[in-house]
Amino acid sequence: MKSRSATEQAIGYLARREHSAAELQQKLQQAGHETDKIHAALEKLQQSGLQNDQRFAEAFIRSRTLRGYGELRIRQEMKKKGVADELINSTMQQAETDWFALAIEVRCKRFGEQSPDDFKDRAKQMRFLQYRGFTHEQITESFKLTNENER
């Protein structure tokens, strides 16, 4: 049985989902491919349009916002996946997501539309939203807006 080339293996990864160039490089290194063959494969895939970090970033942001993650967490995860800071910033701006509305939606989906009765419940909800990657302002606003809706 002939082992697959770095390009063939990378195409296999890309067939399942979008990957950043850094992710593909790491996976191909773990599979035991030589560095020069990995770079040649990535170059070939980028030139043919099969791998594109911009497209990966757009798909990643869309996927994570649909799962209820905030801007801070998404940025952190993309950085871990090797996406350049400039690309992260420009793609996040293009996404035009209303992070405040998303924070409200996520909080209400998890805890219901009622505001927490005591400090302990409020702190629990705040920690949850913070873990999900929302800013302090977005978290605070999510409590204010649901309080106004109750009136």
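The values are calculated or read from the model by the stated rules, or taken from the named source; none is laboratory data. Since we're looking at a predicted model, the values are computed, not measured. Glycine gets a Cβ as well: all are built from the backbone with ideal geometry, and neighbour counts include every protein chain shown. Heads up: the accessible areas ignore ligands, DNA and RNA and are worked out on the full protein's heavy atoms, side chains in. Shrake-Rupley method; radii C 1.70, N 1.55, O 1.52, S 1.80 Å.
Summary of values
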read-out: Those helices (runs of 4 or more DSSP H) lying entirely in the stretch 1-82 with at least 2 residues farther than 30 Å from Glu137 by Cα; value: 6-16, 21-30, 35-47
read-out: Failed item, numbered, when Asp117 is tested on (1) part of a helix (DSSP H, G or I); (2) without any contact (Cβ under 8 Å) to a residue 12 or more places away in the chain; (3) open to solvent by 70 Å² or more (accessible area, probe 1.4 Å); value: (1)
read-out: Condition met for Glu96 (acidic (Asp, Glu), open to solvent by 60 Å² or more (accessible area, probe 1.4 Å) and modelled with pLDDT of 90 or more); value: no
read-out: Some residue of the stretch 92-99 being touching an Asp or Glu at 6+ places or on another chain (Cβ under 6 Å) and in a helix (DSSP H, G or I); value: yes
read-out: Count - residues of the stretch 1-30 that are over 22 Å from the mean Cα position of the chain (by Cα) and in contact (Cβ under 8 Å) with a residue 24 or more places away in the chain; value: 4
read-out: Top-ranked residue of the stretch 126-151 - restricted to ones that are crowded, with 18+ Cβ neighbours inside 10 Å and under 19 Å from Arg73 (Cα atoms), ranked as modelled with the lowest pLDDT; value: Ser142
read-out: Only one of Leu87, Leu102 that is outside any loop (DSSP other than H, G, I, E, B), within 30 Å of Gln54 (Cβ to Cβ) and within 14 Å of the chain's Cα centre (by Cα); value: Leu87
